[in-house]
Each structure stands twice: as structure tokens, then as C-alpha cells.
Amino acid sequence: MKSKLEKVKENLKKLIEINPKGNFKIGRCLTLKEIELFEFNHKIKLPEEYIDFVTNVGCFGFGPNEGLLPLNQYNDLRHRILENDLQKEFPFTEKKEDDELYHFEYDSLLNGVILISDCGCGDFEILIVNGEEYGNVWGDYRVSCNGMMPLTNIKNEKLSFLDWYNQFLEKQIDYYKKYDPKKIENILTEIETNRRLIKPKHSFSVMNFFSKILK
């Protein structure tokens, strides 16, 4: 049976083969010394799956949402730095609705976690590095009023780091297998033709607009 890490590498290779023009860049790998220094400074032990990934595949770049965040940005909310404590345990083991979280101080609910992916608009996906949920990936969707929850697969099983990344890769592979650039080009050509017939004086190129997006 293939290891989860081997499956990640295989899926990345498959994705590149399906869409060779895609931007699937992943930043450099971390060294074990860099990992050990982070763990020493924060007095924690990072999950083995995360260590395997960042030391064998890469530490930032292509990934879920807006991409995989580097370890040195584990507490960077973009607009400010989190005041969370990795030595304290993450407090939950099951989903919490937004109205259950109002009385908690914001940063305290990110104790024992590192940020691994920016979902945009203030939401993040996080890796638990201290607590009962150690090694699992959660969603912190409080800014969009969707609470906090463990991420799961279609069987409702909680996702570890490599499960989370592999699920993302499999969805990407499925998308690009169905993606037919010629069919899309034909649809856009028809839209452009009809648009010019209806409003010839108000011209902007639908083809040019979408070709930039689809590159």
C-alpha cells in the first residue's frame, strides 16, 4: 500500500501531466534543522505528516484556497500577528457554531494551532499541533460567521494534513480531467458573436477577458 506522502507525489505528477501549463509551484523544502529549531523555540512537536510534507515536497505555494502558508507565517493574519500560544492546547474536539464562540477571546481559540491556508476574507484552515485534535486540520471560519470545525472526507472522517492535501489534489485532478479548453473556446466565440450582434457600439472582448482568466 502506498504511503500518504507517495500518494501526494503521485497526484502532483498526475496533475502536471494533465495540465502541463498549470501553475503548480511549491516552495523549497525545509531542512530537519529548521523544523527542530521551530519546535525548540515553541516547545512543541509538529505532526509527522506535516514534517514529511515540508521536508520532502515543499513548505509553501500551491495548495488549497489561496495556497499553502509557510511555517514562518504560522501566526500571520495578514493584517496583524496572532497572539496565540502553541504550548497551550487547542480547546475543541467537535464543531462549534458561531454563537458558541462569541464569549471567547479571538486569539485564544487558536492556541495550539498553526495557520496552513488562507481562505480569504479572514478565514483560515489550521493544523492542530497541541491538544486532542493533534495532527488534524480544522477550518476557522469565524469571520464569515461559520464557526470552527474539523475538516472531513466524504465518509465524515477527520482529515490529517496529508489527507487534507491529497483531497485537494484529487479534486484538482478531477476538475482538469473534465476541463475541455476547446469546448470553452467555442462557447466564448458564440457569446462574443451574439454580443456584437446585439450591442455593436458597446465593445469589449469577451474572448480576451476570459482568455486571460483561463490561462
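A simple spin-label model places pseudo-atoms 7 Å from Cα toward Cβ; at residue 87 and residue 104 they are separated by 2.1 nm.
Here residue 28 sits with roughly 130 square angstrom of accessible surface, probe radius 1.4 Å. Could you tell me whether region 77-166 comes out rounded, prolate or oblate from its Cα gyration tensor? Rule is a ≥ b ≥ c as square roots of the eigenvalues, rounded for a/c under 1.5, then prolate if a/b exceeds b/c, otherwise oblate. Rounded, because the longest to shortest axis ratio a/c is under 1.5.
Roughly speaking, what is the centre-to-centre gap between region 1-24 and region 55-97 when only Cα atoms are used, to the nearest Å? With region 1-24 and region 55-97 each reduced to a Cα centre, they are spaced 23 Å. In the complete set of protein chains, residue-level accessible area for residue 13 is approximately 130 Å², probe 1.4 angstrom.
The values are calculated or read from the model by the stated rules, or taken from the named source; none is laboratory data. This one's a predicted model, so the numbers in the text were calculated from it and none came from an experiment. Because the Cβ atoms are built from the backbone with ideal geometry, glycine has one as well, and the counts that use them run over all protein chains shown. Surface areas here come from the heavy atoms of the whole protein model, side chains and all, with no ligands, DNA or RNA. Shrake-Rupley method; radii C 1.70, N 1.55, O 1.52, S 1.80 Å.
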